[in-house]
1. Within the stretch 457-470, identify whether any single residue is at pLDDT 95 or above and over 15 Å from residue 388 (Cα atoms), and answer yes or no.
2. Considering (1) surrounded by fewer than 22 Cβ atoms within 10 Å (Cβ to Cβ); (2) modelled with pLDDT of 90 or more; (3) closer than 18 Å to residue 419 by Cα, say which one residue 297 fails and leave the rest.
3. Just to be sure I understand the filter: pairs with C-beta atoms under 6 Å, separated by 6 or more residues or on different chains, first member in the stretch 339-356 and without any contact (Cβ under 8 Å) to a residue 24 or more places away in the chain, second member of a type in the set (A, V, I, L, M). Which pairs pass?
4. Could you list all residues from the stretch 221-244 that are part of a helix (DSSP H, G or I), under 21 Å from residue 204 (Cβ atoms) and open to solvent by 10 Å² or more (accessible area, probe 1.4 Å)?
5. Going by the conditions given, is residue 365 within 16 Å of residue 473 (Cα to Cα), in a helix (DSSP H, G or I) and open to solvent by 20 Å² or more (accessible area, probe 1.4 Å)?
6. Would you check if residue 35 is exposed (fewer than 15 other Cβ atoms within 10 Å of the Cβ) and in contact (Cβ under 8 Å) with a residue 24 or more places away in the chain?
7. So which residues in the stretch 444-473 are surrounded by fewer than 14 Cβ atoms within 10 Å (Cβ to Cβ) and outside any helix (DSSP H, G or I), if there are any at all?
Amino acid sequence: MNAQAMSPSIFLSQVPLDTDDLLFRIRGGLYLDGILNKTDEIGIKEGLSEAIKNLIAKVNSQSFVLFGWESSLYVWPKSHLNTLPTELQEDSTCKSILKLVPIEVNDYLKRIPARKSVKIKPLKVVNLELLFELTRPDVFEIVTIQNNKNSRIHFRLILPIDVVVFANPEDEWGQLQEQFVKAVSTQLYEMDQCIQRFTKGKSVPIPQAFHFELPESSALTTVIYPAGYTEKDLEPLRKELHHQFSLQDKPFLRRSMAYSFPNDDLSNKYLKTIHKYIPSPSSDDFQVFVVYGSYTFHHYLQDDINDGGWGCAYRTLQTILSWYNHQGYINVPIPTHEKIQKILVTAGDKGPSIVGSTDWIGSFEIRSVLNSFGITSKIMNIRAGSELALAARELAEHFEVQGTPVMVGGEPLAHTLLGVAWNEETGAVKFLVLDAHYTGEDDWASVIDKAIEWKDDDFWDPLEPYNLCLPQRPQGV
């Protein structure tokens, strides 16, 4: 197979992310066994491809089994049998499975106050694991014994399957099972494509599945990437995918941007991308421009640090750096206050006495720290808060082109700006402000109620000068 002629390893799964529909996520490691007649690159590729074809055939046999996590439900998709036939029959609705398998769901979203949030339908995920039954009487494994002078090498590796399939709760269970078989078979084919493309010499990468949200799409897009490759190594593939899906020249498909499932969110120490649950101002009155991508919210008193009254700029900086981490531009631990202070000393911006102190920092110091991570920034000087609305056009362009969070510093307060809503004809402006001065728990309901809001232009002190730090986005996808 000619690797250069292959299409990118990608396929779409229609998965509404704000819906009453059910998401079935099928995971597990499948053993890939085979024989290599030749050990050069071509021979390795041929042997692996043949083994995957055999594995796909096995998935399409009656030995293929799915079982529900933390349940007693086992399903044979090809024969449409299961271990709980009285509860789950061919003509049962898909929602019948909710009584048999625990679901993964963002229950915390239900607690967000309705008066301040968009209407949310938490995604319900049904987790299934896949395996093969070894002793079915109607499944035969063919054993071939050969004795010749040619050296033959047996190989065995594990393919980490991660497939998503959605279903309307009212769909019939019998119809869904064939979709499971087809989805797993398709992913195995895509993994073969990935292996064919990225195998070099005798080095064979393990293919891995990542699921992504694309703009203006209610679907998850699954991409197969080879393990062990850097984001820079994978940029040519991402460029092909961007061309295929007419995506903008900014990251959408970096591995750090993969979709967070409910359990992923629950395990995160910091709340992620909270502005997506805040309703925007009316599109009849404003053009809305907001931060692009994901970030985590950092605020007073987190991490057992009592920084109330002085740490808001440090927290804003942490939120900004988290954005660069989540977009895959950098991969660094979020620096502590003391680490930030040491960076400023190394850069020559501050003397050694700042380390361990409660000294406040501003936009210029944030720019200096960002520089130490290879991130450039622009500084916007506003003579008084009453004039901040006049910067609406430039801020709108920043969020449209750069998409990064902005630090707004005014002695002695700092805020994180996540967007602007602007009416070019009337000059009316609203600012999406994330408040690092928040001191409550990292609870979705509390944070959305108290820490983020669209503010009118009178939110800013009319006599106070402000310096805005506008981090710039590196080029590349």
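The values are calculated or read from the model by the stated rules, or taken from the named source; none is laboratory data. Model, not experiment: these values are computed from the prediction. Glycine gets a Cβ as well: all are built from the backbone with ideal geometry, and neighbour counts include every protein chain shown. Protein only, heavy atoms only, side chains kept; ligands, DNA and RNA dropped before computing areas. Shrake-Rupley method; radii C 1.70, N 1.55, O 1.52, S 1.80 Å.
1. Looking for residues that are at pLDDT 95 or above and over 15 Å from residue 388 (Cα atoms), one finds none in the stretch 457-470, hence no.
2. If we test residue 297 against (1) surrounded by fewer than 22 Cβ atoms within 10 Å (Cβ to Cβ); (2) modelled with pLDDT of 90 or more; (3) closer than 18 Å to residue 419 by Cα, just (1) comes out false.
3. Final answer for the pair search is 341/354; 341/355; 342/355; 350/344; 352/345.
4. First, the residues of the stretch 221-244 that are part of a helix (DSSP H, G or I): 235-244.
Now narrow it down to the ones that are under 21 Å from residue 204 (Cβ atoms): 236-237.
Listed by number, the list holds a single entry, 236.
5. Details: within 16 Å of residue 473 (Cα to Cα): no; in a helix (DSSP H, G or I): yes; open to solvent by 20 Å² or more (accessible area, probe 1.4 Å): yes.
So residue 365 fails the test.
6. Working: exposed (fewer than 15 other Cβ atoms within 10 Å of the Cβ): yes; in contact (Cβ under 8 Å) with a residue 24 or more places away in the chain: yes.
Yes: the conditions hold for residue 35.
7. 456, 462, 463 - these are the residues of the stretch 444-473 that are surrounded by fewer than 14 Cβ atoms within 10 Å (Cβ to Cβ) and outside any helix (DSSP H, G or I).
For (1) surrounded by 15 or more Cβ atoms within 10 Å (Cβ to Cβ); (2) over 29 Å from the mean Cα position of the chain (by Cα); (3) among the hydroxyl-bearing types (Ser, Thr, Tyr); (4) not in a strand (DSSP E or B), each residue gets a yes or a no:
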site	(1), (2), (3), (4)
370	yes, no, no, yes
386	yes, yes, yes, yes
391	yes, yes, no, yes
396	yes, no, no, yes
399	yes, no, no, yes
